[in-house]
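Okay, structure first, notes after.
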Amino acid sequence: MRRLEGSRAVVTGAASGIGRAIAQRFAAEGARVVVGDVDLAAAQSVARELGGECFAQRVDVTRATEVEALVGAAVTRWGGLDVMVNNAGVGVAATVCDTAESDWERVIAVNLSGTFYGVKYAVAAMRACGGGSIINTASIAGLVGVPDRAAYCASKGGVVALTRAAAIDHVHEGIRINCIAPGTVDTPWIGRITAGYADPAQARQTMEARQPHGRFVTPEEIAAMAAYLASSESASVVGAAMIVDGGLTAR
Ligand SMILES: NC(=O)c1ccc[n+]([C@@H]2O[C@H](COP(=O)([O-])OP(=O)(O)OC[C@H]3O[C@@H](n4cnc5c(N)ncnc54)[C@H](O)[C@@H]3O)[C@@H](O)[C@H]2O)c1
């Protein structure tokens, strides 16, 4: 069963990792997808993989006008918006004391303000077509403290709180807003983190072993949750933080 047949979707950070897997899964479920990313060439390559009516658009989610234009591109092309995934994100490894103010501002700008703009403009577009589903990529770092990730944890905690508040405000308009809290997912992001260690292979093994189920979460497993949240099967799921972490926060 293709659960998103004919749906009009926008995914940010869709040129890589989790966002790319979500765009692929949505297309496989019958959706048309705008592949939004700051890296236009990579986004175009993903849009080509998806085929059909899918297309790429450059967006820097820290800029409200660009997020508005991204949503506007779906509405202009397809007459409305049914699904918005605010997924673009960045991280910085540091404690509060070691976090440069510029890094703090960048992480909050991309992860939290970018999500705020995405929710804001998606709600406006979805109102006009009677409802929709908004999915924010949070993190387990928004639910528990992760060592050496102060700004990242704060930004993702903000995403969880924003999701809940907006969900309550807009559920009566037929707009459901939820977030996903992944554990450690095997994407290029992990490669960038482990590259900073003296022995990247060892660092990768350590990260993997930290997961109670003994392996990384796959981007496809996050995409499966996103497809569920995008579909009417999740009609009573509102303001939730759906944990997909192999048990990391269960112990
Ligand atoms: N990989 C993990 O272990 C993990 C765990 C929990 C949550 N997450 C979250 O999942 C999301 C995706 O991460 P990923 O692992 O796929 O990383 P990734 O680096 O593979 O992909 C992130 C994408 O976001 C894009 N991006 C960055 N800044 C942007 C901006 N200002 N505007 C538009 N696009 C921008 C990048 O170009 C890239 O294509 C992030 O929000 C991240 O915080 C990742």
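Some values worked out for this structure:
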| quantity | calculated |
| --- | --- |
| Helices (runs of 4 or more DSSP H) contained in the range 153-251 and holding at least 3 residues free of Cβ contacts under 8 Å to residues at least 12 places away in the same chain and within 16 Å of the ligand (Cβ to nearest atom) | 200-210 |
| Pick from the range 1-16, criterion hydroxyl-bearing (Ser, Thr, Tyr) and part of a loop (DSSP other than H, G, I, E, B), ranking: nearest to VAL71 (Cα to Cα) | SER7 |
| Residue in the range 152-196 that is surrounded by the most Cβ atoms within 10 Å (Cβ to Cβ), counting only those that are in contact with a Gly (Cβ under 7 Å, 6 or more places away or on another chain) and hydroxyl-bearing (Ser, Thr, Tyr) | THR163 |
| Residue match in the range 120-142 (condition: touching a helix residue (DSSP H, G or I) at 6+ places or on another chain (Cβ under 7 Å), in a loop (DSSP other than H, G, I, E, B), within 21 Å of MET242 (Cα to Cα) and within 15 Å of the ligand (Cβ to nearest atom)) | yes |
| Subset of the range 30-41 that is within 14 Å of the ligand (Cβ to nearest atom) and not β-branched (Val, Ile, Thr) - its residue that is nearest to LEU229 (Cα to Cα) | GLY36 |
| Filter pass, ALA27 being within 11 Å of the ligand (Cβ to nearest atom) and either under 19 Å from the mean Cα position of the chain (by Cα) or assigned to a loop (DSSP other than H, G, I, E, B) (or both) | no |
| Tally of residues being closer than 17 Å to ILE22 by Cβ and either surrounded by fewer than 24 Cβ atoms within 10 Å (Cβ to Cβ) or more than 16 Å from the ligand (Cβ to nearest atom) (or both) across the range 71-90 | 3 |
| Qualifying residue in the range 45-59 (condition: within 12 Å of the ligand (Cβ to nearest atom), in a helix (DSSP H, G or I) and of a type in the set (Val, Ile, Thr)) | yes |
| Subset of the range 17-57 [surrounded by fewer than 19 Cβ atoms within 10 Å (Cβ to Cβ) and small (Gly, Ala, Ser)] | ALA28, GLY30, ALA41, ALA42, SER45, GLY51, GLY52 |
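Any read-out appearing in this document is the output of simple, stated calculations on the displayed coordinates, not a laboratory observation. Predicted model only: the values in this text are computed from it and were never measured. So basically every Cβ, Gly included, is an ideal-geometry build from the backbone, and we count neighbours across all protein chains shown.
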